[in-house]
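Chemist: The following block contains the structure, expressed as C-alpha cells.
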Amino acid sequence: MITPEYCQTMARYNAWQNNGLREMIPTMDRDVLYEDRGAFFGSIMRTLNHLLWGDAIWMSRFDGGAPPDLPLEDSFEMAPTPAVWAADRFRMDARITLWAQSVHAVDLVGDIEWYSGAMKKQMSMPKAICVIQLFNHQTHHRGQVHAMLTALGQKPNDTDLPFMPEDA
C-alpha cells in the first residue's frame, strides 16, 4: 500500500511546509494568532497546536517515544507561545524525518493497536493506514491554517507537492 519512500517524501513535505510556518508564525501579532476564525479548532495557534499534538501521539505509536502530556481535548494548548511552538515543531519534524529515514517495508505491514482517546476504545488498524493518517492529518489542518493566513493577507509557502524544492 505504501513504501518507505512514500514516508520519506511525506516527511520531507511536512518539514518543508512547517519550515515556512515556523518563519512566519513567531513574527505575527499574538492576538491575531489566537483570534477565533471559525476553523474547527478556532484560531491559527489552536490549530497548529492540535496538529503538533496529533503528530506527537502518532509518532509515539510508530517510534515508541513519549506521547504528549496532554489529552486530546487539551491538544490546542500543546505549546504556550508561538516561539515555543516553533521550537517544538522543529523537533517534531526532525523526529518524523528520522523515523521515515529508518522505516523499512516490513515496518509498514501488519496492525498497530492503541487506545483511542477520541473514540474511547481500544483500536487496531493496519500500520499503513495509520501512517497515511499521520500525513493526511497534517495536510488537512495545515490547509486550514493556510486558509486563515491567506485571509489575513499573509503569503504562506505554496502547498503543491510537485513544487517542493529538491533541497527541502
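The values are calculated or read from the model by the stated rules, or taken from the named source; none is laboratory data. Keep in mind that this is a model prediction, so the values were computed, not measured. Every residue, glycine among them, receives a Cβ derived from its backbone with ideal geometry; neighbour counts consider all protein chains shown. Note: areas computed on protein heavy atoms with side chains; ligands, DNA, RNA excluded. Shrake-Rupley method; radii C 1.70, N 1.55, O 1.52, S 1.80 Å.
Chemist: Taking residue 74 as meeting all but one of (1) closer than 26 Å to residue 19 by Cβ; (2) assigned to a helix (DSSP H, G or I), write down the number of the exception.
Modeler: Unmet for residue 74, out of (1) closer than 26 Å to residue 19 by Cβ; (2) assigned to a helix (DSSP H, G or I): (1).
Chemist: Same structure again: Among the numbered criteria (1) under 19 Å from the mean Cα position of the chain (by Cα); (2) closer than 27 Å to residue 39 by Cβ; (3) basic (Lys, Arg), which single criterion is violated by residue 127?
Modeler: Among (1) under 19 Å from the mean Cα position of the chain (by Cα); (2) closer than 27 Å to residue 39 by Cβ; (3) basic (Lys, Arg), the lone unmet condition for residue 127 is (2).
Chemist: Follow-up. Take the residues of segment 38-64 that are small (Gly, Ala, Ser) and touching a helix residue (DSSP H, G or I) at 6+ places or on another chain (Cβ under 6 Å): which is surrounded by the fewest Cβ atoms within 10 Å (Cβ to Cβ)?
Modeler: Among residues in segment 38-64 that are small (Gly, Ala, Ser) and touching a helix residue (DSSP H, G or I) at 6+ places or on another chain (Cβ under 6 Å), the one surrounded by the fewest Cβ atoms within 10 Å (Cβ to Cβ) is 39.
Chemist: OK, next. Are there any pairs, at least 6 apart or on different chains, whose C-beta atoms fall under 8 Å, with the first in segment 146-168 and closer than 17 Å to residue 39 by Cα and the second part of a loop (DSSP other than H, G, I, E, B) and of a type in the set (Asp, Glu), and if so, which?
Modeler: If the second residue must be part of a loop (DSSP other than H, G, I, E, B) and of a type in the set (Asp, Glu), no pairs are left.
Chemist: Being in contact (Cβ under 8 Å) with a residue 12 or more places away in the chain, more than 12 Å from the chain's Cα centre (by Cα) and within 24 Å of residue 24 (Cα to Cα) narrows it down to one residue among 86, 105; which is it?
Modeler: Step by step, each of 86, 105 is checked, and only 86 is in contact (Cβ under 8 Å) with a residue 12 or more places away in the chain, more than 12 Å from the chain's Cα centre (by Cα) and within 24 Å of residue 24 (Cα to Cα).
Chemist: Determine, yes or no, whether residue 144 is part of a strand (DSSP E or B) and either closer than 23 Å to residue 10 by Cα or open to solvent by 60 Å² or more (accessible area, probe 1.4 Å) (or both).
Modeler: So residue 144 fails the test.
Chemist: Please work out if residue 96 is of a type in the set (A, V, I, L, M), within 21 Å of residue 21 (Cα to Cα), in a helix (DSSP H, G or I) and in contact (Cβ under 8 Å) with a residue 40 or more places away in the chain.
Modeler: Answer is yes for this residue.
Chemist: Separate question: Restricting to segment 115-134, what's the tally of residues that are outside any helix (DSSP H, G or I) and open to solvent by less than 30 Å² (accessible area, probe 1.4 Å)?
Modeler: Going through segment 115-134, the residues outside any helix (DSSP H, G or I) turn out to be 115-126.
Then keep just the ones that are open to solvent by less than 30 Å² (accessible area, probe 1.4 Å); that gives 116.
Residues that pass the stated criteria total 1.
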